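Report on the structure given below.
Bear in mind these aren't lab numbers, they're just calculated from the coordinates by the rules spelled out. In this text, all values refer to a predicted model and were calculated from it rather than measured experimentally. Every residue, glycine among them, receives a Cβ derived from its backbone with ideal geometry; neighbour counts consider all protein chains shown.
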Amino acid sequence: MKPAPFAYERPRDVASALAAMAGDGVVKVMAGGQSLGPMLNLRLVAPDTIVDITGLAELKHVEVAGEELVIGACVTHADIEDGRIPDVTRGAMQRVASAIAYRAVRNRGTIGGSLSHADPSADWVSTFAALCATLSLRSAKGARLVAMKDFMLGALESVLQPGEMLEAVRVPVMSPSARWGYVKSCRKTGEFAHAIGAVLIDPEAGRARVVIGAVEAAPIIVDNAEELFGGRITNDFKSRFDARVADTLLSKAGMSDAADRHIHVTILRRAVAEAAA
Amino acid sequence: MRNERDISPAAPASKQGVGARVPRKEDDRLMRGRGQFVGDIRLAGLQDVAFVRSPLAHARIRAIHIPERYRDVVFTSADLVGIKPIRAITGLAGFKPSDQPILATDKIRQVGELVAMCVAPTRAEAEDIAASVTLDLEELPAVYDMLKAREPGSPLVHEHWGDNVFLESFFELDITQALDAPIKVTREISTARQCMSPLEGRGVIATFDHRLDQLTLYTGSQMPHIVRNGLSDCLEMDQGQIRIVSPDVGGGFGHKGILLPEEVCLSWLTMKRGFPVRWIEDRREHLVASSNCREHHYKITVYADRDGTLRGIDCEATVDSGAYSSYPFSACLEAAQVVSILPGPYQMPAYRCRTYSVATNKCPILPYRGVARTGVCFALELMLDLVAAEAGLEPGNVRLRNLVRPEQMPFDNITKKHFDSGDYPEALRRAVAQIDIDGIRARQRKGEDDGRLIGVGLSIYCEQAAHGTSVYSGWGIPMVPGHEQATARLTPDGGLELKVGVHSHGQGLETTLSQVAFEMLGVDVAKIRVVHGDTAMTPYSTGTWGSRCMVMAGGAVATACHELGERAKKIGAKLLQVDEANVVLVDGEIRGPNGSVTLKEIAHTWYRRPQDLPGDVDPGGLEATSGYKPQRDSGTFSYAAHAVTVAVDPDLGDVEILDYVIVEDGGVLVNPMIVDGQIYGGLAQGIGTALYEEMPFDRAGQPLNTTLADYLLPGPTEVPMPWLDHMETPSPYTKFGVKGIGEGGAIAPPAAIGNAVNDALRGLGVEMLQSPITPRRVLEGILAARDAKRTAA
Ligand SMILES: Cc1cc2nc3c(=O)[nH]c(=O)nc-3n(C[C@H](O)[C@H](O)[C@H](O)COP(=O)(O)OP(=O)(O)OC[C@H]3O[C@@H](n4cnc5c(N)ncnc54)[C@H](O)[C@@H]3O)c2cc1C
């Protein structure tokens, strides 16, 4: 289990990283290496060049800009877990971060790597979708903003183009009336989830965003979640949650296995209950 | 979860001897990261090997294409002229032998089988070369299911056999007398294929020393002397030309108890190329290619009276032995063991069992910690709970009614297993009391606030260990243990060296064998060195397996130390100028009527100041080698009762262990702390079998869980701290009354946990009869039962 030979570059700034990424052959960015490393070792990927962006200060930058927290792509799960970035989600991100994998993985794994890798079972792809985050992407040709809900196309597939990197994640400051619930099902501590339920429910605004993740594809994002709560989002949303509607929704999304649907609906119900608690 | 009770032995004989909780000597280096495993060894000029392995389970090799530029660094079976395949026969009637090629010849019989060997300065380069080799294979239909493999018309793993059965074993006694029993429960029960997953995988370094005219093989092995036997057969070399060194070993569990084709390959390669070569098994090779364990299937009927008295067992069991019979344990140990141990620790008036060791296109099955007992215990103990449910009795009471009683000891059971000693019912009673079954029943009636279902489960087993010549000669496999030997030697400064042919792969033998020597000679444990893991420096031994070391090597060390003590007494008596009959050996000194002389002084005089000794001193010297066998070599029988409480989440199928109790009797414990460690480790593996570990195969014979992301092992958060209680019934046959204890922890957990889950699910009409009990299986069971109810309504 050793990688096939590759060239290794360690640029000094984002501009030179982007220049290197625009080079010939297959180029892969390496952030924490927690997913890329195993894939290289199993020879599932064999890039010509690896561009290591782990050390780039620009990608570790964090700031609150207006109503958004801007988090550099190379911020690690551990940075978030340990509270080294401002908390605009009333602890939601911190709790998600602290339940990713094991501490050793969290020390190195980055939010940018996690989102770019686009593993359906990963935590941030569902979390940031539920938090209505936006992603800044940049290539040598320029920059663009993509909503998290539009970023992931399928398992290990995203809108990232060759030569393009994820630069930062922009997370809206959570409104005081919003309620957050996040539950996942794992067979053991540190294992990737088999089902994820992430909900951001704002009864005052009468709005809810519901995300059903770890579905072997991009997470299912329900923007108009009223139907899951008997037609409207109110303070009694927990008791209004309708598991049958969720089940139908999953059937329609192509989840044909009854046990799979049962697990996902259960996890979603528990996420809703957590939001209400 | 409760913590372990502090159990100090009633009155340790001494601070360091038998019964003392001496901290492990070897931990000083191991805990500081200074252990030396095969992977830590560096030799000048060392090159690395990577193998081209078969991507298919069953195929004929049409051609192997090696790029021209790699011709001289890639080797195939065509190069291994004169090298013989690995052959592990048995003497059991009807056994069909298999030849395991060192590198595949014409046919491939498992995914991961070695096809070509590539050597390069680094492993990464060797893997690049391996990736450039292409195989032209004609795929054959795979034998992927042991039950289908027994059907006529199945594809054949070894064509010339005519079927896929290595061996059929049979036992029958009085089964007709059970058939009229009022309770008759029949089920199919199975355990999944597993990988043994020691922390350290296999690893081999081979080098040739021309001065000694000797091949040295560094290999993480449980049984270096047996590797030497096998290697000398395959290479047709004199044993004197082969030295096997097994350095620190990071867990074995059976995985390091076979002769590997890789060991033969590298031995050949270093002699061919003249430089040292290394191969270190990576995790993927471990998961895919090397060896598996545990895959059993039972079709079993238990007969009983309404009061729970067992009337008989009728069973047909099948073991998936994989493609080859591995050396030295063979493909049949497991299934043949099923026949002989299925009746468990119970009085069983009637019994019939037929078992099949079946060849499939999977890697060979090896005896894993507990060997067949884990599967047997799972099958029988689940059945006992079903009998209890049928009879409307507490499962504990059904067991108590049938367990062999202390006053019957020693007891010969229906298959002529000779239980040496113990009080099995007492172990069960203590476990039942400690887990508080009555409290759990009350809690079950009340229900849980979180909607989970609580269940309690018991299991009990007995474990034959350290079985010797009389048992193994009957199997007729390439290895039969005889007298275990040890050497004890006083050094000139009064230290003690012990040499044993068994090898520690984590058991703490350096400590426990030193404790035995301390008990015999009174030499400080800190001044004792245990030399093991090297055929050049140790007496012959079949090695470490079958929970035999404490009984066999412990006994041998005691015997050798006794012999050494006698020699020291002769010298001491001369120095004290008294008759030998008037001296005794106490606390490391020879005492006479008017004075004493220490072993240290005796050693100093013997080696460094021989002029102080009279001319007629006994010339035997201060180094003694001696052999040992227990008075009876049919094995010690340790046993344990496990009790567990679980909570099952009926919406996800998750099982959480809430409480775990183990009451264990391993005879006299040489070091109770080490025994605790053995039990914890075994429990972790048992939980793996019960809830997590599984290597599934698809219809093409492809193993599916090929990384640790898919092959789940329990971690620290999945293994509870059990409440441990020791009983210490001495074995009447062994030195100090010790019994083998190493495997037991891994035997009972799947059965106890399975029973607890079934207890929790009983109200829903769901039974889990297959390990591992995954959330998926539980949930599918619950949903199916719900659907069935709905349809019925
Ligand atoms: C044992 C284990 C358990 C795990 N369990 C979980 C879990 O429970 N939940 C979970 O969410 N995750 C889990 N992970 C994944 C982990 O959390 C990492 O987040 C993940 O590996 C990706 O982050 P990384 O920084 O290591 O990315 P890398 O491995 O360096 O890169 C991953 C991919 O993203 C690309 N990439 C990286 N950064 C960028 C960027 N800025 N722009 C464009 N492309 C980029 C790389 O080219 C590569 O294709 C686990 C990982 C391991 C090893």
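Using only the Cα atoms, work out Rg/Rh for segment B:39-161, with Rh taken as the Kirkwood radius, to two decimals.
Working: Rg = 17.2 Å, Rh = 16.4 Å.
In segment B:39-161, Rg relative to Rh is 1.04.
Using only DSSP helix segments of four residues or longer, with each worth -39500 (n - 2.57), what per-residue ellipticity at 222 nm results for the protein assembly as shown after dividing by its residue count and rounding to 500? Please report the intermediate quantities before stating the final value.
Values: 28 runs with 290 residues, N = 1070.
Calculated at 222 nm, the ellipticity per residue is -8000 deg cm²/dmol.
Partner chain Cβ atoms within 10 Å, averaged over the residues of A:253-262 - can you pull that number for me? Walk me through the numbers before you get to the answer.
Numbers: counts 0, 0, 0, 0, 2, 5, 12, 2, 0, 8.
Mean partner shielding for this stretch: 3.
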Across 10 Å bins from 0, what is the distribution of all Cα-Cα pair distances for chain A, in whole percents? 7, 29, 34, 20, 8, 1
Nearby aspartates and glutamates by direct alpha-carbon distance to B:LYS25 (threshold 18 angstrom, same-chain neighbours under 8 apart not counted): B:ASP248, B:GLU497, B:GLU510, B:GLU519, B:ASP524, B:ASP676
For chain B, what size does the Cα cloud have along each of its three principal axes, sorted from largest down, in whole Å? 99, 72, 49
Given axes a ≥ b ≥ c from the Cα gyration tensor, I'd like to know whether segment A:7-52 is rounded (a/c under 1.5), prolate (a/b larger than b/c) or oblate. oblate
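Calculate how large, on average over all directions, the projected area of the Cα convex hull of the protein assembly as shown is; give the answer in nm² to one decimal. Display every interim value, and only then the final one.
Numbers: hull surface 193.0 nm².
Result: 48.2 nm².
Order of B:542-555, B:696-709, B:265-278 by packing, highest average Cβ count within 10 Å first? Could the numbers behind the result be given before it?
On the way: B:542-555: 29.1, B:696-709: 16.1, B:265-278: 20.6.
In decreasing order of mean packing, B:542-555, B:696-709, B:265-278 become B:542-555, B:265-278, B:696-709.
Given +1 on the Cβ of Lys and Arg, -1 on the Cβ of Asp and Glu, and no further charges, what dipole in debye does segment A:179-276 carry about its Cα centre, rounded to the nearest 20?
Around 220 debye, computed over segment A:179-276.
Could you rank the peptides A:140-150, B:320-330, B:57-67 by their average count of other C-beta atoms within 10 Å per residue, with the highest value first?
On the way: A:140-150: 13.9, B:320-330: 28.4, B:57-67: 17.3.
The densest-packed peptide leads the list: B:320-330, B:57-67, A:140-150.
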Paramagnetic label zone (point 7 Å from Cα along Cα-to-C-beta, B:ALA792; backbone N under 16 Å) in segment B:388-410: B:390
Return the subset of B:LYS570/B:LYS739; B:LYS299/B:LYS362; B:LYS96/B:LYS299; B:LYS569/B:LYS735; B:LYS417/B:LYS629; A:LYS60/A:LYS141 for which the Cα-Cα distance in this structure is over 27 Å, preserving the input order. B:LYS570/B:LYS739
Two-site FRET efficiency, A:ALA19 against B:ARG71, from Cβ-Cβ distance with R₀ of 35 Å, rounded to 0.05: 0.25
Under 12 Å from the Cβ of B:TYR733, count the other residues' Cβ atoms, weight Lys and Arg +1, Asp and Glu -1, and hand me the total. +2
Defining a contact as two alpha carbons under 8 Å apart and six or more residues distant in sequence, what relative contact order in percent does chain B show? 17 percent
Could you grab the relative contact order for segment A:57-172? Cα pairs under 8 Å, six or more apart, rounded to a whole percent. 28 percent
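How well do other chains shield peptide A:47-58, expressed as the mean number of their Cβ atoms within 10 Å of each residue Cβ?
Working: counts 0, 0, 0, 0, 0, 0, 0, 0, 0, 0, 0, 0.
Average per residue, whole number: 0.
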Along Cα→Cβ, 7 Å out, is where each label goes; now give me the distance between the ones at A:GLU216 and B:THR469 in nm to one decimal. 6.0 nm
Enter the mean number of other protein chain beta carbons within 10 Å of the beta carbon of each residue in B:703-711, as an integer. 1
Would you kindly calculate the mean projected area, averaged across all directions, of the convex hull enclosing the Cα atoms of segment B:489-588, in square nanometres? 6.7 nm²
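Length gain on complete extension for the stretch A:TYR8 to A:GLU226, per 0.36 nm per residue less the alpha carbon to alpha carbon distance?
Numbers: separation 218, 0.36 × 218 = 78.48 nm, distance 5.02 nm.
My answer for the length gained is 73.5 nm.
For a protection proxy built on the mean count of beta-carbon atoms within 10 angstrom, sort B:683-694, A:201-212 highest first, please.
Numbers: B:683-694: 26.4, A:201-212: 20.2.
Answer by packing, highest mean first, reads B:683-694, A:201-212.
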Quick P(r) readout (segment B:719-771; Cα-Cα; 5 Å bins; whole %) gives 4, 14, 16, 18, 13, 12, 10, 7, 4, 2, 0
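If you build the convex hull over the alpha carbons only and average its shadow over all orientations, what do you get for segment A:57-172? Give it in nm² to one decimal.
Numbers: hull surface 27.0 nm².
The number I arrive at for segment A:57-172 is 6.7 nm².
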With a Förster distance of 30 angstrom and the Cβ-Cβ distance between A:LEU153 and A:LEU42, calculated FRET efficiency to the nearest 0.05 equals 0.85
Quick one: dipole size for the protein assembly as shown, taken about the Cα centre, charges +1 on Lys/Arg Cβ and -1 on Asp/Glu Cβ, in debye to the nearest 20. 260 debye
